[in-house]
Amino acid sequence: MTPAEADQRARLVHWHAEMMRLRAFEEAVAEAHAAGELPGLLHLSMGGEAVAIGIFDCLEDHDRVFSSHRPHSHFLAGGVDPRLVMAELAGRQSGLCHGRAGTMHLMSDRVVMATGIVGGTLPVALGYAMTRSQPAVVACFFGDGAVQTGAFHESMNLAALWKAPVLFVCENNGWAEFSSRDQHTTVGNVVRYGELYGIPAQEVDGSDPEAVRRAAAELLEPVRAGAGPALLECHIARLRSHYEGDWREQTSEGDPLLAVERRLSELGVHDEEINEVRAALLADARALCRSVLAGDDVPDPDDDAALVFASPLST
Amino acid sequence: MAVVTYAMALARALEEALVADDRVALIGNNFGGLTAEQRHFDELGARFPDRIDHTPWSELANAGMAIGAATVGMRPVVDLVTASFVFQAFAQIVNEAPNIAYTTDGRTRAPAVFHMLAGIRGAGASQHSHRPQAMFWNTPGLQVAVPGTPGDAYGLMRHYLLEADEPCAFVSHPKLLEVEQEIADWEAERLAPGRGRIEREGADVTIIASSVMVTRSLEAAERLAADHAIDCEVLNLRTLAPFDDALVAASVTKTGRVVVADECFRSAGAGAEILARVAESHFASLRAAPRRVVAPDVPVPFSPVLEDAVTPTAERVVAAVAEACAR
């Protein structure tokens, strides 16, 4: 093995464990949700793990990220404590947002916010980016369904016009809820909007963390230098359907974990090692979920009025 | 005699309208949301594939398209799915559709129907739980349907698709979709907008309800009769605009006590306007301060415990009525 191959192997081993950490978290969440132990409508990010890992690998501490309605992987890859996210999904006081937000409305510092509204964070990310000083940037994740909203085009136009330091990251899974991409647009790939708005754009196989990282790093260089926004389209598989409990239009093709594991095998990593990593991370995630669900930190409704305004007078 | 769910009755109205009038068209077809009741609309979709557009997430354009088509004689219904998504379409529904008949002296009309599932639904949190009916009621020129029963859903949807001249925000509640009603006479359900119903006659207190609060108020009335010997009259408004002032007047004059049951937020919600009307017109008839059972002014929280705390339930209606009737 050449030194370059050894490097690649070490990096892939690390990324695989990171991707599996995100996957295991959602496997545990899906199990608890199916058992009726977690409330709400769940949109899992399974299938997008390589995108999350590849993008965050290029980001610095001072960069900020905006997320979508499939936010769990973005928050975990962004370094948010999984216990805080799990407790939020369980509606607990110890959750990231004290049980007020739930799965689709997570908020934190570095990963600023998720949204339950398709395209909802695109203009907010733009505004946040306009306040950043070089070389800090904002990355904004959104699905291909959001590209058919006015918010996408208004945000792209303004970002290009005002040279806002935004990396627009489209996770194109080919579906908007229950309709496939060819049912909702005549525009082939999202990357084409880059040319239209005059900004650098690339498309990549979103199951390959190395490809995502390489493309994002290239695109981010001019963004950091003040040249304006860039667009990255990542083709991914939607491994689960639109929401948990529905089984239409799900697939196991294009699973980024399997793709990375095949590459690891080629690089000589044994299946036993891979399986050990998987099993250990899944056990960790399940244990975390059990531990959160065993807690009795139910939020207190009497605290709510004080949260609505900075200076509450009366409600 | 048929026992039907709200969703079945709504699907029946859509089906009858599609059969009766070629100009009726569906823009979107997820009226049942993510519930098992969606199957009735899927069946409808399979029967009328050419009369349904499956749209991308472009609420603004979907709503505007319906308005434009309606001005030249089509009778479209747009399914906006979750009512919280309607904000993406507000510019069209609130700022285009309602002005058209007014500004053309009625020569051009835009009888489009905007359907949405609005309500505190179980962990929908701040972004999937809106009840925007009061915002629509604050829009002259727009009618606002808030059906409380399967029969209401049938009668009102049928009216707005086949007979109405006005655009309508049609506000269904996700928790009503599976609610059942025995309907013997479908024609009797074809009551015009602006006509409410007395769902339960009573002598002591008037509960003015709409949407899901009709069911909860009827449940409260039974408990109040059994546990407190209070005889409630329950009104189902069916539409907010037009508003059935006469129905309210007759009941309030009789009972002298009023509790409004509404799932909107407290401040400037539908309940606030109803209470204002009662105070303005029936002050002399009132024997106690009128009360409202509404959601407090807090974004709807995710956690089930917190969500329960802000939901106007049958228990809270019982408590408010007992207070209104206390000597």
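The values are calculated or read from the model by the stated rules, or taken from the named source; none is laboratory data. Nothing here was measured: the structure is a model prediction, and the numbers come from that model. Neighbour counts are summed over all protein chains in view; Cβ atoms, including those assigned to glycine, are modelled from backbone coordinates with ideal geometry.
Restricting the search to the range B:68-114, which residues are part of a strand (DSSP E or B) and within 14 Å of chain A (Cβ to nearest Cβ)? Once the filter is applied, which keeps residues that are part of a strand (DSSP E or B) and within 14 Å of chain A (Cβ to nearest Cβ), the range B:68-114 yields B:Asp79, B:Leu80, B:Val81, B:Thr82. Taking the range A:135-154 as the range and being within 14 Å of chain B (Cβ to nearest Cβ) and either of a type outside the set (D, E, K, R) or in a strand (DSSP E or B) (or both) as the test, the residues that pass are A:Phe142, A:Gly143, A:Gly145, A:Ala146, A:Val147, A:Gln148, A:Thr149, A:Gly150, A:Ala151, A:Phe152, A:His153.
Would a scan of the range A:120-133 turn up a residue that is more than 10 Å from every other protein chain (Cβ to nearest Cβ), buried (at least 21 other Cβ atoms within 10 Å of the Cβ) and of a type in the set (Ser, Thr, Tyr)?
Within the range A:120-133, one or more residues are more than 10 Å from every other protein chain (Cβ to nearest Cβ), buried (at least 21 other Cβ atoms within 10 Å of the Cβ) and of a type in the set (Ser, Thr, Tyr).
Restrict the check to the range B:45-56 and report whether at least one residue is part of a strand (DSSP E or B), hydroxyl-bearing (Ser, Thr, Tyr) and touching a residue at least 12 places away in the same chain (Cβ under 8 Å).
no
Among strands (runs of 3 or more DSSP E) entirely within the range B:191-305, having at least 2 residues that are more than 24 Å from B:Gly122 (Cβ to Cβ), over 17 Å from the mean Cα position of the chain (by Cα) and not assigned by TED's automatic domain parsing to the domain that holds B:Tyr160 singles out B:205-209, B:232-236, B:258-265.
So that you can scan it fast, the table gives a plain yes or no per residue for (1) surrounded by fewer than 24 Cβ atoms within 10 Å (Cβ to Cβ); (2) touching a Leu at 6+ places or on another chain (Cβ under 9 Å):
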{"residue": "B:Pro98", "(1), (2)": "yes, yes"}
{"residue": "B:Ala112", "(1), (2)": "no, no"}
{"residue": "B:Ser126", "(1), (2)": "yes, no"}
{"residue": "B:Arg131", "(1), (2)": "no, no"}
{"residue": "B:Asn138", "(1), (2)": "yes, no"}
{"residue": "B:Gly141", "(1), (2)": "yes, no"}
{"residue": "B:Ala145", "(1), (2)": "no, yes"}
{"residue": "B:Gly148", "(1), (2)": "no, yes"}
{"residue": "B:Gly151", "(1), (2)": "no, yes"}
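Considering only residues in the range B:170-187 that are of a type in the set (Val, Ile, Thr) and in a strand (DSSP E or B), the one that is farthest from B:Leu218 (Cα to Cα) turns out to be B:Val171. Restricting the range B:263-299 to residues that are among the hydrophobic types (A, V, I, L, M, F, W, C) and free of Cβ contacts under 8 Å to residues at least 12 places away in the same chain leaves a set whose member that is nearest to A:Gly102 (Cα to Cα) is B:Ala276.
Restricted to the range B:283-314, and to residues there that are farther than 29 Å from A:Leu89 by Cβ and surrounded by fewer than 19 Cβ atoms within 10 Å (Cβ to Cβ), the residue that is nearest to the other protein chains (Cβ to nearest Cβ) is B:Ala289. Residue-level analysis places A:Val204 outside the set of residues that are within 14 Å of chain B (Cβ to nearest Cβ), at pLDDT 95 or above and not in a helix (DSSP H, G or I).
Quick check, is A:Asp297 in contact (Cβ under 8 Å) with a residue 12 or more places away in the chain, part of a loop (DSSP other than H, G, I, E, B) and within 14 Å of chain B (Cβ to nearest Cβ)? Yes: the conditions hold for A:Asp297. Taking the condition closer than 30 Å to A:Thr103 by Cα, in contact with a Gly (Cβ under 9 Å, 6 or more places away or on another chain) and in contact (Cβ under 8 Å) with a residue 60 or more places away in the chain, does B:His128 pass? For B:His128, the condition - closer than 30 Å to A:Thr103 by Cα, in contact with a Gly (Cβ under 9 Å, 6 or more places away or on another chain) and in contact (Cβ under 8 Å) with a residue 60 or more places away in the chain - is not met.
If you filter the range A:98-119 down to residues that are without any contact (Cβ under 8 Å) to a residue 60 or more places away in the chain and within 8 Å of chain B (Cβ to nearest Cβ), you find that the one that is farthest from the chain's Cα centre (by Cα) is A:Ala101.
Matching residues to (1) of a type in the set (Asp, Glu); (2) over 15 Å from B:Arg200 (Cα atoms):
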{"residue": "B:Ala241", "(1), (2)": "no, yes"}
{"residue": "B:Asp244", "(1), (2)": "yes, yes"}
{"residue": "B:Val248", "(1), (2)": "no, no"}
{"residue": "B:Val252", "(1), (2)": "no, no"}
{"residue": "B:Asp262", "(1), (2)": "yes, yes"}
{"residue": "B:Gly269", "(1), (2)": "no, yes"}
{"residue": "B:Ala272", "(1), (2)": "no, yes"}
{"residue": "B:Ser285", "(1), (2)": "no, yes"}
